[in-house]
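Nothing in this text is a laboratory measurement; each read-out follows from the coordinates by a stated rule. Small disclaimer: the values here were computed from a predicted structure and weren't measured. Here the Cβ positions follow ideal geometry from the backbone for every residue, glycine too, while neighbour counts run over all protein chains shown.
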């Protein structure tokens, strides 16, 4: 019997999405990159070696992201955990 997969959705700043999905850190300054790397560590501790994928709806919205402390234009990224 196979284990059921779970999906977890995270709101991240839209400017960081290409880093999480594609590993592209161009355009991020050192502080932003450090913030992204810290968030990745937290996610790895919680979900193991999971990868972010774009949600079905990549529409931006203004909110507090699941990382950092400031409101931003955000998008939702998904982690599939098996």
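In the chain, the DSSP-assigned H stretches of four residues or longer account for a calculated mean residue ellipticity at 222 nm of -9000 deg cm²/dmol, using -39500 (n - 2.57) per stretch and the full residue count as denominator.
Counting other Cβ atoms within 10 Å as a rough exposure proxy, the listed residues 19, 10 run 10, 19 from fewest neighbours to most. Shown for 58, 67: other C-beta atoms within 10 Å of each C-beta, ranked fewest to most, produce the order 58, 67. Of the labelled options (i) 94; (ii) 185; (iii) 110, which one gives volume of the Cα convex hull per residue in Å³ as computed for this structure? Checked against the structure: label (i).
Taking the longest Cα principal axis of the chain as reference, the axis of helix 30-47 is set at about 10 degrees.
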